[in-house]
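A short reminder: the numbers here are calculations on the coordinates, not readings from a lab. Predicted, not measured: the structure shown is a model, and the values here were computed from it. Ideal geometry is used to build each Cβ from the backbone, glycine not excepted, and the neighbour counts take in all protein chains shown.
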């Protein structure tokens, strides 16, 4: 695989300069008591000053290992937190999100927005941004930030991300988020990325947050099996399949295999997907049953050397038996026949193989 090497520059463009957090310290004057015999009428004017929120990010959690699998030093910074995984397990975005247990913004928005009597875009920039990375997984990060201030009306956020080259050309990818976090997927290994966030409401967009930077780690050299002829190319294509056979309902991609069949995937996210197989693009795609396991070795069909993680094998127990492919061992040719309930060939609703799709191809 051709790696994208990090570019080193002596200075960052002004538009990308990271803003320093400012803290306003207030000192109250000592209490005094004064007595007067003169009665006067006093007019009082109250001025409310909004103090920028303090940095309440959780203390930085660095990587367990200073170096990645290729020997490159992992990127560290005060705004970067690492979570660990079992070194033998595939990368899982779903697992990372479950581990972090993020708050859902919807209820907060409904309550606080009612209190905020505001008919303008959000006034405050998102604060306390953090990049959460999973050690050993280059293809995604989770961007997290604090809940909006109570005097601001916020209905969601726009998250902007860009590679180093895209930043130089002012090309930012933008994705909406209803909560105070967002996963950014399909990142290239050994590459520098930039991230910034804007709050939004029905009146428009608020100011940009500070811009964070992060450098992804190396690809796992022991994971990807290179097929004859070069890199796999995943093509967006809506193929026919039985939807009750898949726990995933997202985008669909296909690629040609070395044994003259097509592999199709339906995404839950870039690292969790349902794998199907078909003889042609105009033909139906079918589930793949496993005679001696739970389909762990079916990750071979997405070019992984390793067995993956799958959904529960009893998924197919509750479905009618169906036509499909099956096999017992890795490298064994597939056979077409009846799979599922009342057969020896059970299938699952999702796979996690550690291979991002569509990835960087």
Check: Sorting 350, 258 on the 10 Å Cβ count, fewest up front, what's the list?
Finding: 258, 350
Next item on the list: Taking the Cβ of each residue in 338, 184, 348 as the centre, tally the other Cβ atoms inside 10 Å and list the residues starting with the fewest.
Entry: 338, 184, 348
Notebook entry, point to check: Going by a ≥ b ≥ c, the root eigenvalues of the Cα gyration tensor, does region 135-176 fall in the rounded group (a/c under 1.5), the prolate group (a/b larger than b/c) or the oblate group?
Noted result: oblate
Note to self: Would region 235-352 count as rounded, prolate or oblate if I go by the C-alpha gyration tensor, calling it rounded below 1.5 in a/c and otherwise prolate when a/b exceeds b/c, oblate otherwise?
What the structure shows: rounded
Item checked: Theoretical gain in end-to-end length, residue 171 to residue 65 [0.36 nm per residue, Cα-Cα removed] -> 34.8 nm
Check: When only Cα pairs under 8 Å and 6 or more residues apart are kept, what is the percent relative contact order across region 252-361?
Finding: 28 percent
Notebook entry, point to check: Can you give me the Cα centroid spacing of region 237-276 and region 137-178 in angstrom?
Noted result: 28 Å
Next item on the list: Determine, for 247, 139, the number of other Cβ atoms within 10 Å of each Cβ, and report the residues in order from fewest to most.
Entry: 247, 139
Notebook entry, point to check: Considering only DSSP beta bridges with both partners in region 235-352, what is the antiparallel share in %, to the nearest 5?
Noted result: 90 percent
